[in-house]
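A short write-up of the structure that comes next.
The values are calculated or read from the model by the stated rules, or taken from the named source; none is laboratory data. Just so we're clear, the structure is a prediction, and the values are computed from it rather than from any experiment. Please note: Cβ atoms are built from the backbone with ideal geometry, for glycine as well, and neighbour counts cover all protein chains shown.
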Amino acid sequence: MNWRTLLLTLGLAGLLYASFRAFGWWGFSLTSSGIIFWLLQHVTRLMKTMESAAERPVGSVDNAVMFHASLHKGLRLLNVIGQARSLGQLQTETGQEPEIFLWQDAHGDKVACEFKEGRLVQWTLQRQAEVSEGGGGT
C-alpha cells in the first residue's frame, strides 16, 4: 500500500466522521452517497477504457509516432491504454517493477513505456529502419 492510498482512505474516513459529527446520520448518508457516486464514476471510466481496448489486438496502435508525442511523465497506465486504445504487450514478468509495455503500429514503429507504481516514468520510440536502400527510387 503506497502513501496515496493510505492518505485517500484516511481522508475519506475523516470526511465521513466529520459529516456524522456535524449533521448526524443525515450528513453521514449524504457524504457516503457522494463517495459511492465518485467510485462509480471511476469504475465506469475503467470499464469504458477496457471495453474500447478489448476491440483491438494487444500491443497495436494506429500511429506510434503520434502516440509517442502524446505521452508525458506521470500518466497513469489507464490513461495510456485509453490513448493507445489497446492494451500494451507486457515485456517484463508479472508483478516486477518497473513494468514495461510495448505498442507497435502497422509500419513496425514501436513505443516502449516504463511504469513504476502504475505511473509513466520513461518512454522510447523505436523507428523501423528503411528496408529498401536505393532500389526503385526516381
- Item | Index of the failed condition, TRP38 passing every other in (1) in contact (Cβ under 8 Å) with a residue 24 or more places away in the chain; (2) more than 16 Å from the chain's Cα centre (by Cα) | (1)
- Task: Write out, first by first residue and then by second, each pair whose Cβ atoms fall under 6 Å of each other, whose residues are 6+ apart or on separate chains, and whose first residue, in segment 85-101, is closer than 24 Å to ARG45 by Cα while the second is part of a strand (DSSP E or B) and not hydrophobic (A, V, I, L, M, F, W, C).
- Result: SER86/SER60; ILE100/GLU114
- Message: With the requirement that a residue be outside any strand (DSSP E or B), under 15 Å from ALA69 (Cα atoms) and either in contact with a Lys or Arg (Cβ under 9 Å, 6 or more places away or on another chain) or modelled with pLDDT of 95 or more (or both), what does segment 105-131 give you?
- Response: ASP109, ARG127
- Query: Which one of the conditions (1) assigned by TED's automatic domain parsing to the domain that holds CYS113; (2) within 15 Å of the chain's Cα centre (by Cα); (3) surrounded by 10 or more Cβ atoms within 10 Å (Cβ to Cβ) does SER60 fail to meet, given that it meets all the rest?
  - Reply: (2)
